[in-house]
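Accompanying notes for the structure given below.
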Amino acid sequence: MNTKAISRNMYILYTLAHLKKKANIRGTFLGYLWWIIEPLMLIALYSYVVGVIFGHSGADQLLMIAIGVTLWKWWSSSMSSATKSFRRYKGIVCQVKMPLPILPTSEVFGECYTFFFAYLILQSILLYLGFVPDFFALAITFLTSLVAVSALSLFLAVLNVFVKDTAFLVGFGLRILFYLTPIIYPADRVPENFRFLVDLNPFAHLINYYNNALIYTDKVQYENMLYGLVFSSFALFILIRVCKKLTPQIIRNV
Amino acid sequence: MSNDKNLVVELNDVTLKYANSTSFNLKRLFLSKHERQRVASNSNANREAALNNVSLKFYEGDIVGIVGRNGAGKSTICKVLSGVLEPTSGQFYSKLDVGSLLSLNSFFARELSGLDNIYLAGALLGRTKKEIEDKIKDIIDFSELDDSINKPIETYSSGMVSRLAFSIATTYRSDILIIDEVLSVGDKYFKEKCNKRMREIMKSSRLIIIVSHTDSDIKSMCNRAVYLDKGKVILDGTVDEVMNKYK
C-alpha cells in the first residue's frame, strides 16, 4: 500500500470517528458537556453502590472504580456500535473500495474522544491527590487497549455479518463481562477457584495495567505489558487478514 | 468505439460468482428440504454467477449506458468497475484511478448531516480537507438544500438525497463517474439542471457509466450502450441499436 492510500485511509478513519461523535450529540441541549456528564454519572452511581451500600470505602477503591468504569464505558460502547458497523455503513461497504476494517475501528476511535475527556478529569483528580502516573506505562497501556479493542470490534463486526445474533449476544455479553472483570471490586476478592475467570479475561489485565500505570506505579511490569501489546497486535493483524479474505462474502451478506 | 481511441478500462472474460449466502439461521434447520430450496431461490441466495464471461472495452471519452432488467448484473458490473468486488475469474484492467470512483445510490451515513456526508464522501474519494472545503459551497448551491444541509440525511426526502448525491458526485470530479439510478429522482426543473451539468462534465471526464431504466436519459446522454441480461452481455453497440433490442 502506498503512502497516498494510507493517508486517504487515515483521513477516512478520522472523518468517520469525528463525525460520528458529532452526530451523537447533535440537537441535545447540553451538547459536548455530555462527554463529561456521562462518565461522571456512571462513576457516581458505582461509587454509591460500592462505597455506601456495600460499605467498601477507601480512596484507592473509589479511584479504581472511577478508572475502571471510564475505561469500560469506552470499550463497551465501541464494541457494541462496532458490531453493527458494517450494516450501518452498508452503502459504503457495498460501493466504495476501501479496507473494511476501517469501519469498526472508527467506532473505537470515535469513543476514544469521550474517553479522553473523562480521562483528563480523572487525571487532574489523581494529580491533585498526589498520584503521579508512569507516563511510559500509560502510553503502552493505552496503545494496547486501542489495539485489543479494535481487534475485538473487528471480530464482532465480521461475525455479525454471518451470524446476525451476534448483536444481541454482545449486548448482555458485555454486561456479564463487566461483572466478571475486577472493576467495582478488587481482583484479590475473587476466590481461588474462580481466579481463572480473571486470568483469562483480557479486560482484567488491561484494567490492571491502567491501575498500575495511574496509581500503583511501583507495581508496573513492563515485560508483562509488552506481551499484551504484542499479543493484541498479532490478533489484530490476523483479523485484518481474515477480513480482507472475507470481503466479497461480507459485501454479499451485509 | 473505433480502435484509435485510448483504451482505459477493460473487462476480459470476467465472471463473478457470489459465494452462497452463508448467513446462519436456526429457522432453516427446521424446514424440509423442499422448503429450504424454495426459500433459497426466493432469496436469490443460490444465483450462482452475477456476471458470466463478460468482456467489455471502455475507451476514453465514452459515455456508456448500461440497460437491462432487474437482477441483470448492472450494479454488479459497476462494483467490479469501481474495484469494490474482484472478479472470480477473468481480468479487470484499468488505467484510471479506480480507488476514487463510486456509484452513488446510498453510500451516505444516514445519521450524519448532509454537510458531514459531504466531508465523508470527499474523504472516501481521497480528497484532502482543503479540497473538500473548497467545493462545499458549490455542492450546497447546486443541490439547493440550503439550511437542510445541517439536518441528518434520515430526515431527507428521496429527491433531496439524490440531489445531494448527484451534486457531490459531479462536483468532486474523478476520472470515472458511475451513476447508478440517480438521475431518475428529482423534479423536472432539477432534472434539466442535471442534464446541463452532465453535458459540462462529459467534456472533462474520461469515462462515464450510466445505469438507468429511463430510456430518455440513455438516449440523450450516452454515445454507446450495453444491454445486459442474466449476467451476460446481449448487445454492445450504439444507443439506438441497443435500445431497439432492449424494448
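The values are calculated or read from the model by the stated rules, or taken from the named source; none is laboratory data. As the structure is a computational prediction, the values presented were derived from the model and not from experiment. Quick reminder, even Gly has a Cβ in these numbers, built from the backbone with ideal geometry, and neighbours come from all protein chains shown.
Structural remarks
- Residues of the range A:69-95 satisfying the condition of being outside any helix (DSSP H, G or I) and surrounded by fewer than 23 Cβ atoms within 10 Å (Cβ to Cβ): A:LYS84
- Only helices (runs of 4 or more DSSP H) whose full extent lies in the range B:144-247 are considered here, and the ones with at least 3 residues that are more than 20 Å from the chain's Cα centre (by Cα) are B:188-204, B:239-246.
- Looking at the range A:172-254, the helices (runs of 4 or more DSSP H) lying wholly inside it that each contain 3 or more residues that are β-branched (Val, Ile, Thr) sit at A:222-253.
- Scanning the range A:1-37 for residues that are hydroxyl-bearing (Ser, Thr, Tyr) and either under 28 Å from A:ILE121 (Cβ atoms) or in a loop (DSSP other than H, G, I, E, B) (or both) gives A:TYR14, A:THR15, A:THR28, A:TYR32.
- Flag if A:LEU246 is within 14 Å of another protein chain (Cβ to nearest Cβ) and out of contact with any Leu (no Cβ under 6 Å at 6 or more places or on another chain): yes
- The range A:114-139, residues that are buried (at least 17 other Cβ atoms within 10 Å of the Cβ) and assigned to a helix (DSSP H, G or I): A:THR114, A:PHE115, A:PHE117, A:ALA118, A:TYR119, A:LEU122, A:LEU126, A:ALA137, A:LEU138
Here is a yes/no grid of residues against (1) surrounded by fewer than 23 Cβ atoms within 10 Å (Cβ to Cβ); (2) more than 8 Å from every other protein chain (Cβ to nearest Cβ); (3) at pLDDT below 85:
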site	(1), (2), (3)
B:VAL84	no, no, yes
B:ASP97	yes, yes, yes
B:SER148	yes, yes, no
B:TYR156	yes, yes, no
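Residue-wise test of (1) under 13 Å from B:VAL64 (Cβ atoms); (2) surrounded by fewer than 15 Cβ atoms within 10 Å (Cβ to Cβ).
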{"site": "B:TYR189", "(1), (2)": "no, yes"}
{"site": "B:GLU192", "(1), (2)": "no, yes"}
{"site": "B:ARG197", "(1), (2)": "no, no"}
{"site": "B:HIS213", "(1), (2)": "no, yes"}
{"site": "B:ASP217", "(1), (2)": "yes, no"}
{"site": "B:ASP229", "(1), (2)": "no, no"}
{"site": "B:VAL242", "(1), (2)": "yes, no"}
